[in-house]
Each structure stands twice: as C-alpha cells, then as structure tokens.
Amino acid sequence: MRAEFGGAVLELVQGDITQQATDAIVNAANSGLAGGGGVDGAIHRAGGPKIMEECRKIGGCPTGEARITTGGNLEARYVIHAVGPVYRDGVSGEDRLLASAYRSSLRLAVENGLRSVAFPSLSTGAYHYPLRDAADVALSTVVGFLQNERHGLELVRFVLFDGRTQEEYERVLRRLSPHTLG
Ligand code: AR6
C-alpha cells in the first residue's frame, strides 16, 4: 500500500529489511548499539563487521535518538540505528520516545542528503510495544514529518516482517490517508 505526503511516497511492504536497496535502512537498536536479536541481529549478520566497528566508536545512543553508520555489505549505503523504548505500562513516555526515535532517524536521513529510507516496526518485537499503538505512533510521526519539515525525501518505506504487523499498519495508513494509491 502506498500514499503520498509532503511530496514523498510512504509505502508499506511485507519483507526483510536487510534486502532493501533504499539509501538507508533503519535498525531497531538498543542504547548500547551492542547488537542483539531480531532486526538488529539480521542487519549485523547481513552487513558484516564494519557496522559494529562504527557502532563501538560511537559508543551508544539514548532511547528516542538515532545514530548513522555505514551499511557495510548491505545494498543500503547507510544504517540508521534508532533506539525505541522498551514498553512498560504505556504511561512512562513510551509514545513520546517512540515518535522521537522515528523523527531522529528521518532528521539524520535529511542531514545526509538521502532520498529513500526503509524502517522496520520499531519496538514491537523484543521491546513489546503493543502493535496497534506502535503503528499509530510510527505512521502519524512519519506523516507529520513529511508534511511539516523541509526534506528531500522521495520514499519512506515500512518493511513489515509478518502479516499481522502489515495489517495493523495498513489499517492506520487507510485512516490517515483515505486516498491511498493502492
Ligand atoms: N526485517 C523486518 N522486520 C523484522 C526483521 C527483518 N529482518 N526481523 C524481525 N523483524 P525487534 P525491538 C520485526 O525485536 O522490539 C534487539 O535484540 C519483528 O517481527 O527487532 O525494537 C535489539 O538489539 C518486529 O515486528 O526490535 C534490541 O535490544 C519488529 O521487526 C531489541 O531487540 C521489531 O522487532 C529491540 O527490540
């Protein structure tokens, strides 16, 4: 499913983030930038050791922020490591931190002159953010950024790993944009 916001295409696909040929892919990282399972494990496995070398030099990243490294052996030239919140009770600032992780990633993409970026569903795996709420925060934040900030982005793609995640994101995107492009 695709829709247009602020001159960029916002696209939802089911697939594997490591296979994307966008300028950057976003990693669902932890604040140590230390590697792990899920998206993080898949990106480091596919991208090779150069990515971890740069992560070690950076040293870490607070929750709600993002840092950029090489894409190593990936097709994407860069990896943007975004740190979403661990979900606790829903009243510990999780929505603000999740929105901030998406915004920081987009800001880095723009500062580096990138035109296309692919996101996974941050925080909805090991960090247990309820999917429905996370989809809402993710898409409203990206749409808000594309509509309100100066950017040269042409494509923002969400790469969703399973059918249930894709359905929830599609439901939210339909609500945000009644005129999806199909
Ligand atoms: N491509 C796209 N999406 C994927 C892929 C993939 N290759 N693999 C998993 N997903 P998670 P988090 C989906 O756990 O919740 C790590 O250990 C997955 O099904 O990767 O932000 C880090 O080091 C889910 O929908 O990220 C951190 O410590 C979504 O991606 C911690 O997990 C996010 O799941 C981050 O947890």
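Determine the dipole magnitude for the chain: charges of +1 sit on the beta-carbon of Lys and Arg, -1 on that of Asp and Glu, nothing else is charged, the reference point is the Cα centre, and the result goes in debye to the nearest 20.
220 debye
Return a whole-number percent for the relative contact order of region 2-176, with Cα pairs under 8 Å and 6 or more residues apart as the contact set.
30 percent
With a 1.4 Å probe and all protein chains left in place, how much of the accessible area of region 1-102 comes from carbon and sulfur atoms, in whole percent?
Ligands and nucleic acids excluded, carbon and sulfur give 45 percent.
Round to the nearest 10 and report in Å² the accessible area of E94, as given by a 1.4 Å probe over the protein chains' heavy atoms.
Accessible area, nearest 10 Å²: 0 Å².
Taking every pair of distinct Cα atoms and averaging 1/r, then inverting, what Kirkwood hydrodynamic radius in Å comes out for the chain?
Its Kirkwood hydrodynamic radius stands at 15.9 Å.
Can you give the local net charge around A66? Use residues other than it whose beta-carbon is closer than 14 angstrom to its beta-carbon, Lys and Arg +1, Asp and Glu -1.
-1
Per 0.36 nm of contour for each residue apart, how much would the distance between N148 and K50 grow if the chain were fully extended, relative to their Cα-Cα spacing?
31.8 nm
Taking Cα centroids, how far is region 1-40 from region 129-181 in Å?
12 Å
When ligands, DNA and RNA are left out and all protein chains stay put, how many square angstrom of accessible area per residue does the chain have with a 1.4 Å probe?
Accessible area per residue: 46 Å².
Just how large is the dipole of region 1-106 about the Cα centre, in debye to the nearest 20, putting +1 at every Lys and Arg Cβ and -1 at every Asp and Glu Cβ?
280 debye
For M1, what accessible area in Å² do you get when you roll a 1.4 Å probe over the heavy atoms of the protein chains, rounding to the nearest 10?
M1 exposes around 40 Å² with every protein chain in place.
The values are calculated or read from the model by the stated rules, or taken from the named source; none is laboratory data. All of these numbers come straight from a predicted model, not from anything done at the bench. FYI the Cβ positions are ideal-geometry reconstructions off the backbone, even for glycines, and counts take in every protein chain you see. Accessible surface areas use protein heavy atoms only, side chains included; no ligands, DNA or RNA. Shrake-Rupley method; radii C 1.70, N 1.55, O 1.52, S 1.80 Å.
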